[in-house]
Amino acid sequence: MRVAVIGAGRIGSVVVRSLVRCGYSEIVATGRRDETLKNAASLGAEATRDNDYAVSSSDIVFLTVKPHHLPEVVKSVKPASWAGRTVVSFIAGARLATLEKAMAEAEVYRAMPNLNAEVGLSSTAVAQGTRTRDMATVDRLLKCMGRVYWVPEEFLDAWTALAGSGPAFIAEIIDALVLAGVLVGLPRDLAYSAALDVLEGTSRLLRESGTHPFKLRDDVTTPAGTTIRGLIAMESEGVKAALMKAVESAYRRSLEIGAEIDARVKRELGISD
Ligand SMILES: NC(=O)C1=CN([C@@H]2O[C@H](COP(=O)(O)OP(=O)(O)OC[C@H]3O[C@@H](n4cnc5c(N)ncnc54)[C@H](O)[C@@H]3O)[C@@H](O)[C@H]2O)C=CC1
Ligand SMILES: O=C(O)[C@@H]1CCC=N1
């Protein structure tokens, strides 16, 4: 099976690496800059600027360009080349209805992974379009990047906010914890190790024990001890509300992008409803 990765930038190059790690060797990747192409070639893909060649010579196509580049990518491929291809779009916000209009003869899926695919730990949601048949192949390829959840499309914008953008939110939290460690006297490298250990350990403990986060919090919190002093500071600074608002804002932006891309696809490709 041959796989095309259209736009081998940050997430696209992780797709190439994940597929290579999984044993796929027939991969073609596209990009616009020399550096992108050189990087894709160094990862083991055939690198080209020619999207039409990449799509027409492949069975499965991953779309990993920024949302505003979607119309340009569609235009760079002959309509006949999309026919019969299985297309998995990672483009934030881009709706299945828009993608199916833009690539009228392709079998289209909308998915949202995250950058943790770099270490095989993506949390990827995927929704099928109206013409989809080969879910098993798509599932197998996505599993090369991490865990895969088949969901209705209506969850994709929320997933984009929580899981797609999630590594950035968690990275901010880790950075804050490191600064906090430094504030109370830990050397930076030790504070960094502690922050990573706590994140990783807590997540594993919750997953493996099935314990609710509230129960874990209460188990850690000694009456009149240290943790409760930290918790009241978190509560008064609105940490939970801030995180909820972060995800909600990202969700709203995903919806906005969806509407913007739909309008652009219709305008630039001359498609009507
Ligand atoms: N970066 C992330 O953590 C995640 C990104 N995504 C989605 O993946 C998509 C790409 O995001 P990034 O990898 O961060 O962006 P990026 O900018 O790093 O990669 C996009 C690549 O597409 C190339 N490109 C642009 N126009 C092209 C064209 N006409 N033909 C071929 N290649 C073209 C660019 O040169 C670039 O190398 C976005 O739609 C984003 O929503 C999804 C999940 C996670
Ligand atoms: O920030 C973004 O728009 C993309 C989608 C999820 C992660 N990065």
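The values are calculated or read from the model by the stated rules, or taken from the named source; none is laboratory data. Keep in mind the model is a prediction, meaning the values are calculated, not measured. Methodologically, a virtual Cβ is constructed for each residue, glycine included, from the backbone with ideal geometry; neighbour enumeration extends over all protein chains shown. Just so you know, the surface numbers come from the protein's heavy atoms only, side chains and all, with ligands and any DNA or RNA stripped out. Shrake-Rupley method; radii C 1.70, N 1.55, O 1.52, S 1.80 Å.
Quick notes
- Length available on full extension from residue 38 to residue 252: 0.36 nm per residue minus the Cα-Cα distance, which gives 73.5 nm.
- Relative contact order computed over the chain (Cα-Cα under 8 Å; 6+ residues apart), in percent: 16 percent
- Cα-based shape type of region 14-97, given that a ≥ b ≥ c are square roots of the gyration tensor eigenvalues and the cut on a/c is 1.5: rounded
- 222 nm mean residue ellipticity, helices alone, for the chain (DSSP H n ≥ 4; -39,500 (n - 2.57); rounded to 500): -16500 deg cm²/dmol
- Cα-projected label distance for residue 198 with residue 211, points at 7 Å along beta-carbon direction, nm: 1.5 nm
- Inter-probe distance in nm under a simple model that places probes 7 Å from Cα toward Cβ, at residue 134 and residue 50: 2.1 nm
- Dipole check for region 3-152: with +1 at the C-beta of Lys and Arg, -1 at the C-beta of Asp and Glu, and the Cα centre as origin, the magnitude is about 340 Debye.
- Surface share of carbon and sulfur [accessible, 1.4 angstrom probe, percent] for the chain: 58 percent
- Sequence of 89, 209 when ordered by accessible area, the most exposed leading, probe 1.4 angstrom: 209, 89
- For region 201-246 versus region 1-73, the gap between their alpha-carbon centres in whole angstrom: 41 Å
- Its Cα centre serving as origin, the chain has a Cβ charge dipole (Lys and Arg +1, Asp and Glu -1) of approximately 260 debye.
- Spacing of the modelled spin labels on residue 26 and residue 234, each 7 Å from Cα toward Cβ, amounts to 5.0 nm.
- Over 23 Å apart at the Cα level, from the set 143/245; 75/266; 215/240; 66/101, are 143/245.
- For the chain, the longest site-free run once GluC sites (Glu not before Pro) in DSSP loop states with at most 15 other Cβ atoms within 10 Å are removed: 106-273
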